[in-house]
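Trainee: The structure under discussion is supplied below as structure tokens; questions concerning it will follow.
The numbers here are math on the coordinates, done by the rules we state, and not lab data. Computed from a prediction, not measured in an experiment: that's the story for all the values here. Counting neighbours? That spans all protein chains shown, and the Cβs are built from the backbone with ideal geometry, glycine included.
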Amino acid sequence: MEKISKSREETIKIAEEYARGLKAGDVVLLKGEMGAGKTVFCKGVAKALGITDEITSPTYAYMNDYYGKLYHYDCYRLSSGEDAEALGLTEYFYGGGISLVEWSENISEVLPSGCKTVIIEKTGEEERKITL
Ligand SMILES: Nc1ncnc2c1ncn2[C@@H]1O[C@H](COP(=O)(O)OP(=O)(O)O)[C@@H](O)[C@H]1O
Ligand SMILES: [Mg+2]
């Protein structure tokens, strides 16, 4: 399915709707260039899950665990699946929460099978094409 978002708020709404179709244990790969809106999308998913914390980019922590309900990964600074494994990050894919993974391309060898994919493309200053 393809959706056009015209603002940050619309992306959050689209993500909230999408999250209703997710279940515990799902792993969602968020794809798109820097600044596309992957972290914004996470905010919508968190909102749908009733998580009220500020969702910040886990660039330095690699993964933020929100109460075992949501695991938000940013693998930008990882260079291999081996790194992810060594840091103990991969076990969370099987941890029972929903995983949202930014820059999963960097750890492709250790992703579980059956991942879902969301692609966010920048089509304008504030416009995004979101493929779900
Ligand atoms: N339609 C839109 N959807 C999502 N973000 C948008 C949109 N229009 C503008 N933005 C801006 O783009 C940026 C996206 O940042 P972020 O979610 O951190 O990107 P990423 O995690 O993909 O690097 C934010 O500053 C946000 O306000
Ligand atoms: Mg991000």
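Trainee: Which residues, counting only those in the stretch 97-123, are of a type in the set (Ser, Thr, Tyr) and not in a helix (DSSP H, G or I)? Even if it seems obvious, please write down each step before you answer.
Mentor: Restricting attention to the stretch 97-123, the residues satisfying the condition of being of a type in the set (Ser, Thr, Tyr) are 99, 104, 108, 113, 117, 123.
Of everything in the stretch 97-123, those that are of a type in the set (Ser, Thr, Tyr) and not in a helix (DSSP H, G or I) turn out to be SER99, SER113, THR117, THR123.
Trainee: Now, a different point. Taking the stretch 76-119 as the search range and keeping residues that are of a type in the set (Val, Ile, Thr) and touching a Cys at 6+ places or on another chain (Cβ under 7 Å), which one is nearest to ligand 1 (Cβ to nearest atom)? I'd like the intermediate steps shown before the answer.
Mentor: If we filter the stretch 76-119 for residues that are of a type in the set (Val, Ile, Thr), which is where we start, we get 90, 98, 101, 107, 110, 117-119.
Subsequent filtering for residues that are touching a Cys at 6+ places or on another chain (Cβ under 7 Å) retains 101, 107.
Numbers: VAL101: 12, ILE107: 16 Å.
For the stretch 76-119, the residue satisfying everything is VAL101.
Trainee: Which condition number in (1) within 13 Å of the chain's Cα centre (by Cα); (2) crowded, with 19+ Cβ neighbours inside 10 Å; (3) over 16 Å from ILE119 (Cα atoms) is the one that ASP65 fails?
Mentor: Only one criterion is unmet by ASP65, namely (2).
Trainee: Right, here's the next one. Pairs under 9 Å by beta carbon, first residue touching a residue at least 40 places away in the same chain (Cβ under 8 Å) in the stretch 41-66, partner among the aromatic types (Phe, Trp, Tyr) and in a helix (DSSP H, G or I), six or more apart or different chains?
Mentor: Listed by first residue and then by second, the contacts come to PHE41/TYR18; VAL45/TYR18.
Trainee: Would you be able to say whether some residue in the stretch 36-46 is under 19 Å from SER5 (Cα atoms), within 12 Å of ligand 2 (Cβ to nearest atom) and either of a type in the set (Val, Ile, Thr) or in contact with a Pro (Cβ under 7 Å, 6 or more places away or on another chain) (or both)? Spell out how you get there, then give the answer.
Mentor: First pass over the stretch 36-46, keeping only residues under 19 Å from SER5 (Cα atoms): 36-46.
Okay, now just the ones that are also within 12 Å of ligand 2 (Cβ to nearest atom), so 36-43.
Retained after the next criterion (residues that are either of a type in the set (Val, Ile, Thr) or in contact with a Pro (Cβ under 7 Å, 6 or more places away or on another chain) (or both)): 39-40.
Taking every residue of the stretch 36-46 in turn, at least one turns out to be under 19 Å from SER5 (Cα atoms), within 12 Å of ligand 2 (Cβ to nearest atom) and either of a type in the set (Val, Ile, Thr) or in contact with a Pro (Cβ under 7 Å, 6 or more places away or on another chain) (or both).
Trainee: Working only within the stretch 22-38, note down all residues that are within 16 Å of ligand 1 (Cβ to nearest atom), at positive phi and in contact with a helix residue (DSSP H, G or I) (Cβ under 9 Å, 6 or more places away or on another chain). Spell out how you get there, then give the answer.
Mentor: Of the stretch 22-38, the ones within 16 Å of ligand 1 (Cβ to nearest atom) are 28-38.
Retained after the next criterion (residues that are at positive phi): 32, 35, 37.
Listed by number, the residues that qualify are GLY32, GLY37.
Trainee: Additional query: When you go through TYR71, TYR62 one by one, which is the residue that is in contact with a Gly (Cβ under 7 Å, 6 or more places away or on another chain), under 24 Å from THR90 (Cα atoms) and within 16 Å of ligand 2 (Cβ to nearest atom)? Show your work before the answer.
Mentor: Working: TYR62 fails: in contact with a Gly (Cβ under 7 Å, 6 or more places away or on another chain).
Just a single option satisfies the conditions, and that option is TYR71.
Trainee: Does the stretch 86-98 contain any residue that is surrounded by fewer than 18 Cβ atoms within 10 Å (Cβ to Cβ) and on the phi > 0 side of the Ramachandran plot?
Mentor: Within the stretch 86-98, one or more residues are surrounded by fewer than 18 Cβ atoms within 10 Å (Cβ to Cβ) and on the phi > 0 side of the Ramachandran plot.
Trainee: Follow-up question, since we're still on this one. Could you go through the stretch 70-79 and let me know if any residue there is surrounded by 14 or more Cβ atoms within 10 Å (Cβ to Cβ) and of a type in the set (Lys, Arg).
Mentor: We begin by selecting, within the stretch 70-79, every residue surrounded by 14 or more Cβ atoms within 10 Å (Cβ to Cβ); these are 70-76, 78.
Filter again for of a type in the set (Lys, Arg), leaving none.
Within the stretch 70-79, not a single residue is surrounded by 14 or more Cβ atoms within 10 Å (Cβ to Cβ) and of a type in the set (Lys, Arg).
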